[in-house]
Structures are given as structure tokens and as C-alpha cells.
1. Sort 82, 110 so the one with the fewest other Cβ atoms within 10 Å of its own Cβ comes first.
2. Can you give the relative contact order of region 21-122 as a percent, counting alpha carbon pairs under 8 Å and 6+ residues apart?
3. Evaluate the Kirkwood expression for the hydrodynamic radius of region 21-122, namely the inverse of the mean inverse distance over all pairs of different C-alpha atoms, and round to one decimal in Å.
């Protein structure tokens, strides 16, 4: 990316079907692997389906999983957990719901931490899982187990 066309390159990164900012939906029971920073996986469900977010291989990656077309609930399992409590499962239940994660290093491993979310039912209470929701509104966090 050269400096004189940075904005154009960033815009094209999310162009439909061709941009490197888009992660391919691996379909039901598939694994989402975020290898680059600021990627988004637009998930389409035909019924209640599941996906797994693979554990990151380095710190500093921001990635988003969004329910693009809702044919049924999406259960996302986050390998290694998405908070300090070790919770691994989140559910998106309406088109437009999303989860945004940041990869960090904890000891010798890299893990995801939930940065923000929209939609789904209320997750764990703040007293049981302090980082389960980055949102200030209780109705805007994804459901968690």
C-alpha cells in the first residue's frame, strides 16, 4: 500500500467477494481463522448453526463475526475463551448482530478478548465475568454460556 492511495486501498479491502478484509464464511460447523488485522466474517445461517473462531497466532488482531443473514441462531465457540473467566460460547440470534474480538498474549498463549457486541440475549452478569460485555447497555451484549 503506497501512502498516496491508502484510503482507496482500505476501502477496497471490504469490497464484496474480492476484498482481503472479508473472511469467507466456512459454513455450518466450520472454523473461522482470522490471520489479518481488521477482518470481518459475514455469516449466513440456514438453520441453527455453529462456527468456531480459531485461536489467534499473535497479539493485536481485531476481527469481527457478524450474522449477515439470519436463517437460525449462530452459536460461536471461541477457542481458548473470550474473557478471563474462560467462557467460550456466544450466540447471535438476529441479522446485524456482531461480535468484535482483540487478540492478546496471556502467558505463552494468544487468546481472544471480546471488545464489543450487538444483539442476542443478556450474557453473564458483570460480577461473574468482568469482561463478558464491552457494552454499557445490558440489552446489547450477545448471549454467553
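Read-outs: derived from the displayed coordinates by stated rules, not from any lab. Remember, predicted model here, so these are calculated numbers, not experimental data. FYI the Cβ positions are ideal-geometry reconstructions off the backbone, even for glycines, and counts take in every protein chain you see.
1. Working: 82 30, 110 17.
Going from sparsest to densest Cβ surroundings: 110, 82.
2. Working: 281 pairs, mean separation 24.0, N = 102.
It comes to 24 percent, rounded to a whole number.
3. On the way: mean 1/r = 0.0752 Å⁻¹.
Final number for the Kirkwood radius of region 21-122 is 13.3 Å.
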